[in-house]
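The block underneath contains the structure these notes are about, expressed in structure tokens.
The values are calculated or read from the model by the stated rules, or taken from the named source; none is laboratory data. The structure presented is a predicted model; accordingly, all values stated were derived computationally and were not measured. Don't worry about glycine lacking a Cβ; one is built from the backbone with ideal geometry, like all the others, and counts go over all protein chains shown. In case anyone asks, the SASA skips ligands and DNA or RNA and just uses the protein heavy atoms, side chains included. Shrake-Rupley method; radii C 1.70, N 1.55, O 1.52, S 1.80 Å.
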Amino acid sequence: MWCGRTRALLRVSGLWPTGVLGRRPLNCSAASLAGSNSPRCWNCGGLGGPLRGDRFFCPQCRALQPPDPTRDYFSLMDCNRSFRVDTAKLQHRYQQLQRLIHPDFFSQRSQTEKDFSEKHSTLVNDAYKTLLAPLSRGLYLLKLCGVEIPEGTDYEMDSQFLMEIMEINEKLAEAQGETAMKEMESIVRAKQKELTDNVSRAFERDDFEKAKELLTKMRYFSNVEEKIKLKKIPL
């Protein structure tokens, strides 16, 4: 999906991240093989210490190895590097990994392995939460492409969109009762669905600037969703 022309432009402008190759590394299995240097196992000194595929343990002494710093969330969760994610597969992978590296299974192991297990578990949790939600998934995918949306910026939002957000916030402030709140939830949910579909198409076209604009709009509606949740909490 990442055409050669886009890669060339990104490299020239300095936006193509170091270590991200061409088209094939979008497949997580290929991306996970980025590092060619093979550090030795911290425990026995044998080769095969680095994590390749699902090799979290040294093949010789079976000691848990440290997390691979070159591995991105898509690779870790066995997903294609794409905005479209099979959430059922993602959840299955999450459960599979937690059964493998959760700290509860390392209570009788060395302190080093306990520490590594904590790091692995935290990393898996972060990866799962990030890829599960369309907004955080899109922001992370942009980040892998060298494009970030700073917190607290309006990213030059057009006045028409800002007026729409203001009107929705005003309606939310005035909304009273369960029926009114459900109506607000339905409006925001529909907006997020439309934006999510448009973000997916933008990534398919390698249009990162459009994806950035749409994800910024999703962030606004995400804030509205949080306000709705807070308003539904009984005082």
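Were the residues from Gln91 through Lys227 laid out at 0.36 nm apart, the gain over their Cα-Cα distance would be 46.2 nm.
Take the alpha carbon gyration tensor of the range 44-132, find the square roots of its eigenvalues, order them as a ≥ b ≥ c, and report rounded if a/c is under 1.5; if not, report prolate when a/b exceeds b/c, else oblate. Cα axes put the range 44-132 in the prolate bin. The heavy atoms of His120 present about 10 square angstrom of accessible area, all protein chains included, probe 1.4 Å.
Taking a ≥ b ≥ c as the square roots of the eigenvalues of the Cα gyration tensor of the range 159-232, is the shape rounded (a/c under 1.5), prolate (a/b larger than b/c) or oblate? Because a/c hits 1.5 or more and a/b exceeds b/c, the range 159-232 counts as prolate. Coupling constants for the range 100-114 follow from the phi torsions by the Karplus curve (6.51 cos²θ - 1.76 cosθ + 1.60, θ = phi - 60°), and in residue order they are 8, 10, 5, x, 4, 8, 10, 5, 9, 9, 5, 4, 4, 5, 4 Hz; glycine and proline get x. Taking every protein chain into account, the accessible area of the range 127-235 amounts to 59 square angstrom per residue (probe 1.4 Å). Across the range 159-232, Cα pairs under 8 Å and at least six residues apart give a relative contact order of 36 percent. For the listed peptides 172-178, 83-89, a ranking on the average number of other beta carbons within 10 Å per residue, highest first, reads 83-89, 172-178. Working from Cα pairs under 8 Å separated by at least six residues, relative contact order for the range 44-132 is 29 percent.
Taking label points 7 Å from Cα along the Cα-to-Cβ direction, Ile149 and Glu164 give a separation of 1.3 nm.
What the phi angles of the range 168-175 give under the Karplus curve with 6.51, -1.76 and 1.60, with θ = phi - 60°, is a coupling list of 5, 5, 5, 5, 5, 5, 8, 5 Hz, glycine and proline written as x. Whole-Hz Karplus values for the range 198-205 come out as 5, 4, 4, 5, 5, 5, 5, 8 Hz, taken residue by residue from phi with 6.51 cos²θ - 1.76 cosθ + 1.60 and θ = phi - 60°; glycine and proline positions read x.
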